[in-house]
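Heads up: the structure comes next, in structure tokens.
The values are calculated or read from the model by the stated rules, or taken from the named source; none is laboratory data. Values in this document were obtained by computation on a predicted structure and should not be read as measured data. Because the Cβ atoms are built from the backbone with ideal geometry, glycine has one as well, and the counts that use them run over all protein chains shown. Side chains are part of the model used for accessible areas, which takes the heavy atoms of the whole protein and leaves out ligands, DNA and RNA. Shrake-Rupley method; radii C 1.70, N 1.55, O 1.52, S 1.80 Å.
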Amino acid sequence: MSPTINSVAPWIRRPGPVPTTRLRLFCFPYAGAGTLIFRTWPDVLAADVEICPVELPGRGTRMTERPFTQLSPLVEALTQALVPLLDKPFAFFGHSLGSLVSFELIRRIREYYGVYPVRLFVSAGRAPQIPHRDPPVHALPEIDFLAELRRLNGTPSEILKHSELMHIMLPLLRADFSIYETYVYSAKPALTCPISAFGGLSDHRVNNSDLEAWRVQTNGNFSLRMFPGDHFFLNHPLFLRALTQELESSR
């Protein structure tokens, strides 16, 4: 049975269809995050760009659902859920873990339906072909796992300092880290859509070379821009201005 528009509801947090939409921008968050990190974007980006933040199980309004721990079943579920919204030009934006999710999702949609986004935006995420540098941490005892989260600087400090919130967040963070750490890259033909990569100048986890390596994943145009900030530069005015420009060029 083909997916219906009702299958979209749990996955996309949007107030409703925008009649003037020329482009849908699907936004995939970093590990442990939900759609709230994109809450200001509709006020900043062009009015004819429909922001479609993706709400994954285990967070936000889906807090009671079991989170995915491996990428392939997550991508399969996303593929089926988002098909009804691919009837207009669309783009994918992924930050950190979200860059990997969005990349593999494009490859799955290409395989099943033969369609592409107008552009893939990858942000603060290493290119998928780069091997893991660190040993897996998702199954470590709690005290060691927390220490690794602080060392990796991949989780906002305000979350790490909140003990009650961390008690709730730990299972989700373990699941999200498992998605990344159990991922095995498979070489396939390069994408035909352009890729725009973004990074933080003070990000000690994902450097310029990690982002430049995305170039080999597309036969289309590739660009790389770096911005002030560490791993979490998502709402920096210069970044949002650049994203707006990139979206405008994707018309």
For His132, the accessible surface traced by a 1.4 Å probe with all protein chains present amounts, in square angstrom to the nearest 10, to 80
Among beta bridges assigned by DSSP with both residues in the chain, the antiparallel ones amount in percent, to the nearest 5, to 5
In whole angstrom, the spacing between the Cα centers of the range 88-154 and the range 221-237 equals 16
Helix-only [θ] at 222 nm, the chain, -39500 (n - 2.57) per DSSP H run of 4+, per residue, nearest 500, equals -10000 deg cm²/dmol
A chain fully extended from Lys88 to Ile130 at 0.36 nm per residue, minus the present Cα-Cα distance, gains in nm 11.9 nm
Rounded to the nearest 0.05, FRET efficiency between Gln80 and Leu152 (Cβ-Cβ, R0 41 Å) equals 0.80
In the range 115-159, the trypsin sites (Lys or Arg not before Pro) that sit in a DSSP loop and have at most 14 other Cβ atoms within 10 Å of their own Cβ are Arg133
Residue separation between Glu65 and Thr40 times 0.36 nm, minus their alpha-carbon distance, gives in nm 6.4 nm
Cα gyration tensor of the range 67-123 diagonalised, 5x eigenvalues square-rooted, in angstrom largest first, produces semi-axes 17, 14, 9
Between Asn235 and Ile159, the two model label points (7 Å from Cα along the beta-carbon direction) sit apart by a distance in nm of 1.4
With all protein chains present, the range 1-111 has a carbon and sulfur share of its accessible area (1.4 Å probe) in percent of 57
Computed over the chain, protein heavy atoms only, probe 1.4 angstrom, the accessible area per residue in square angstrom equals 46
Expressed in square angstrom to the nearest 10, the accessible area of Asp48 with a 1.4 Å probe stands at 30
Pseudo-spin-label distance Thr21 to Leu170, built 7 Å along Cα→Cβ, given in nm, is 4.0
Simple spin-label estimate for Ala47/Ser223, 7 Å along Cα→Cβ, in nm, reads 2.4
If R0 = 22 Å, then Arg215 and Lys188, at their Cβ-Cβ distance, give a FRET efficiency to the nearest 0.05 of 0.85
Long-range share for the chain, i.e. C-alpha pairs more than 27 Å apart as a percent of all pairs, stands at 32
Judged on accessible area alone, 1.4 Å probe, highest first, Met166, Met226 line up as Met226, Met166
Stretched fully, the stretch from Leu201 through Arg108 gains (0.36 nm per residue minus C-alpha distance, one decimal, in nm) 30.3 nm
Order by accessible surface, 1.4 Å probe, largest leading, for residues Ile159, Ile106 comes to Ile159, Ile106
Here the relative contact order (percent) of the range 42-151, from C-alpha pairs under 8 Å and at least 6 apart, is 18
On the accessible surface of the range 146-241, probed at 1.4 Å with all protein chains in place, carbon and sulfur together account for a percent value of 55
